[in-house]
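One structure is given here, and the rest of the page talks about it.
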Amino acid sequence: MARPLNILFVSSEVDPFAKTGGLADVSSALPQSVRENEHEVRVIMPRYGSINERKSKLHEMIRLKEVPVPMGPKPRTASVKSSFIVNNTIKVQVYFIDNPHLFGRSGLYVHPDTKKDYPDNDERFIFFCRGVLEVLKRLGWQPDIIHCNDWPTGLIPAYLKTVYRDDPFYRDTRSVFTIHNMAYQGVFPKSTFPKTLLPPELMSMDGVEAYGHVNFLKAGLVFADAITTVSERYAQEIRSSEEYGAGLQGVAEKRKHDLTGILNGVDYSVWDPAVDPLIPLRYDARSVDLKVENKKALLAKMGLPFSPTVPVIGIISRLADQKGFDLIGEELDAIMKMDLQLVVLGTGEKKYHDLFEKAQKRFPGKVAAALTFNNDLAHLIEAGSDMFLMPSLYEPCGLNQIYSLRYGTIPIVRATGGLDDTIEDASSPSGTGFKFKNYSAAEMLKSIQRAVAAYADQAAWRKLIKNGMAKDFSWGTSARKYVQLYRNLTRK
Ligand code: ADP
């Protein structure tokens with residue numbers, strides 16, 4: 001049998017330690033699933049100030065204190081702490097790279113109050129990328145694969161191909177770069193380049209430069225040995241148009257032979273109403289009648305009245321342009337004319353905070369918004385809503401619509417990226433949700449109307465719930481695809 005591989009999974013967010021979106025869910029679940037395939041997987045992330053040392057059981061690693069990290073304008077030092085993701089029988093080691101000056105703050109990328117990017121994000125993530133490679137050498141743990149994720153890790157493949165090219169420690173190491181979202185690129189002014197200490201020729205079209213700026217995502221795209229995105233559809237989309245490629249479509253197209261789509265899975269030990277400890281009443285496909293108790297609890301929590309015949313639409317999301325909330329703004333009055341209720345959980349751009357705050361005031365008893373980050377409430381919304389709305393402009397994979405399927409909460413989605421890959425329209429006998437094609441408020445409204453009409457037809461609604469709950473998006477299949485990719489790269 002082929003020998004187990006050493007895989008280092010690098011991410012800027014990992015559940016349950018730090019999370020702003022789906023990247024954290026993937027960075028926790030995928031390593032566990034690869035571990036189940038008998039490979040040695042370790043995870044590495046920044047040690048943010050918001051991570052509670054005691055709660056997260058962080059331990060100092062005496063050997064890894066004050067590791068020098070070369071970077072401009074001056075070198076810095078990294079210390080490493082360690083903990084585990086523990087889940088039933090699986091245990092995955094997680095390292096936290098610490099530099100209090102750069103990461104000792106509560107936000108991951110933006111200041112929690114101003115919502116503005118930290119001005120030194122370039123230095124923070126240069127330090128992280130270079131720090132990962134320096135720390136590994138100190139640790140003496142030689143990875144076959146370094147699996148990088150999104151722009152905060154994009155410089156690692158570039159370092160491996162240049163600064164560490166002749167380093168015997170990394171001679172057999174290959175890199176994988178997964179794009180969870182092509183629109184967040186880590187773009188910095190030219191003055192950032194010297195801080196990376198990359199060779200000067202990399203500040204060019206063939207290197208890390210894009211449109212006169214330093215682009216960390218491009219670094220990953222150009223230099224990784226293999227590139228993946230989180231759905232097959234999105235893998236095609238990002239190289240086909242400016243709209244999805246966000247200016248890097250040409251670079252993605254150039255690397256099309258090394259670019260594949262592997263759909264994200266779901267960790268059903270966390271997101272399944274049959275075992276979810278965060279909801280008042282557990283249920284499965286056979287006891288789905290109990291779901292209504294969660295609906296009552298959700299509405300009570302949100303201060304909305306309960307009626308068994310009025311459907312509740314849930315939204316859980318980063319409040320960003322990508323997620324399609326301008327469509328809701330456009331048709332809010334028409335949506336609210338229908339007999340339904342809307343529960344929103346989200347945080348992000350101010351204009352969307354304003355939209356939902358106003359909606360809540362204008363439609364008391366019908367709309368309730370929690371404009372914050374709250375994992376417990378996210379689980380309750382999945383369990384207590386009848387429908388889940390995701391009208392995204394683009395969606396690399398999207399996890400919430402897949403969680404919704406398992407919770408018997410019918411997704412209403414725009415047919416883009418992973419939403420299109422995972423949801424089948426109710427017009428088919430095996431349908432699981434409601435889809436609309438064009439990014440149009442009128443089309444979204446029609447889908448909501450179709451959903452509300454279907455809700456009134458008990459038999460039709462039950463069929464949808466049954467189809468959705470029977471779907472299996474567990475990580476097994478996708479994790480095996482990643483392992484195959486790792487194997488192909490290392491040929492071991
Ligand atoms: P994205 O990665 O683009 O944010 P996904 O649908 O892939 O979108 O994943 C979103 C993840 O983040 C889900 O686990 C969802 O429950 C969680 N999430 C998003 N916003 C919030 C919030 N305000 N409070 C709690 N969880 C949230």
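Key figures
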quantity: Residue-by-residue Karplus 3J(HN,Hα) for region 349-361, coefficients 6.51, -1.76, 1.60, Hz, glycine and proline x; calculated: 5, 4, 4, 7, 4, 4, 3, 6, 5, 5, 4, 4, 6
quantity: For the chain, with +1 on Lys and Arg beta carbons and -1 on Asp and Glu, the positive-most of ASN215, LEU340, SER474 along the dipole; calculated: SER474
quantity: Long pairs among LYS19/LYS115; LYS57/LYS295; LYS19/LYS361; LYS291/LYS366; LYS74/LYS137; LYS323/LYS466, criterion Cα-Cα beyond 24 Å; calculated: LYS57/LYS295; LYS19/LYS361; LYS323/LYS466
quantity: Coordinate range along principal axes, alpha carbons of region 200-309, Å, largest first; calculated: 63, 29, 25
quantity: For region 314-464: Kirkwood Rh in Å [reciprocal of mean 1/r, alpha carbons]; calculated: 15.2
quantity: Largest-first ellipsoid semi-axes for region 214-261, taking √(5λ) over the Cα gyration tensor eigenvalues, angstrom; calculated: 15, 13, 9
quantity: Share, in percent, of DSSP beta bridges within region 69-212 that are antiparallel, nearest 5; calculated: 70
quantity: Cα convex hull of region 133-283 - mean projected area over all directions, nm²; calculated: 11.8
quantity: Whole-Hz couplings from phi, Karplus 6.51/-1.76/1.60, listed for region 160-166; x for Gly and Pro; calculated: 4, 7, 10, 4, 9, 4, 9
quantity: In region 1-93, GluC sites (Glu not before Pro) in a DSSP loop with at most 12 other beta-carbon atoms within 10 Å; calculated: GLU38, GLU66
quantity: Equivalent ellipsoid semi-axes - Cα gyration tensor, region 163-221, angstrom; calculated: 21, 17, 9
quantity: Share, in percent, of DSSP beta bridges within the chain that are antiparallel, nearest 5; calculated: 30
quantity: Coil-residue chymotrypsin sites (Phe, Trp or Tyr not before Pro) of region 183-230, DSSP, other Cβ within 10 Å capped at 11; calculated: TYR211
quantity: Dipole-positive endmost among TYR234, SER440, VAL176 within the chain (Cβ charges, Cα centre); calculated: VAL176
quantity: Cβ charges +1 (Lys, Arg) and -1 (Asp, Glu), total dipole of region 262-392, debye; calculated: 380
quantity: Lys/Arg +1, Asp/Glu -1 at C-beta; the chain dipole; positive extreme among GLY324, GLY303, SER430; calculated: GLY303
quantity: Diffusion constant of region 405-492 at 4 °C, which comes from Stokes-Einstein with the Kirkwood Cα-pair radius and 1.567 mPa s, µm²/s; calculated: 89
quantity: Measure of compaction for the chain (Cα Rg per 2.2 N^0.38 Å); calculated: 0.98
quantity: Sparse-neighbour loop sites [GluC sites (Glu not before Pro); region 364-461; at most 13 other C-beta within 10 Å; DSSP]; calculated: none
quantity: Cα-based Rg and Dmax for region 111-198, where Dmax is the largest Cα-Cα distance (Å); calculated: 14.1, 45
quantity: From the C-alpha gyration tensor of region 260-321, square roots of 5λ in Å; calculated: 25, 19, 11
quantity: For the chain, calculated [θ]222 nm from helices alone, where every DSSP H run of n ≥ 4 adds -39500 (n - 2.57); calculated: -10500 deg cm²/dmol
quantity: Magnitude of the charge dipole, region 205-285, Cβ model with Lys/Arg +1 and Asp/Glu -1, debye to 20; calculated: 160
quantity: 25 °C / 0.890 mPa s Stokes-Einstein diffusion coefficient of region 48-108, Kirkwood radius on C-alpha pairs, µm²/s; calculated: 192
quantity: Cα-centred dipole magnitude for the chain, charges only on beta-carbon of K, R (+1) and D, E (-1), debye, nearest 20; calculated: 820
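The numbers here are math on the coordinates, done by the rules we state, and not lab data. Note that the structure is predicted; figures quoted are calculated from it, not measured. When we count neighbours, we look across all protein chains shown, and the Cβ atoms used for this are built from the backbone with ideal geometry, even at glycine.
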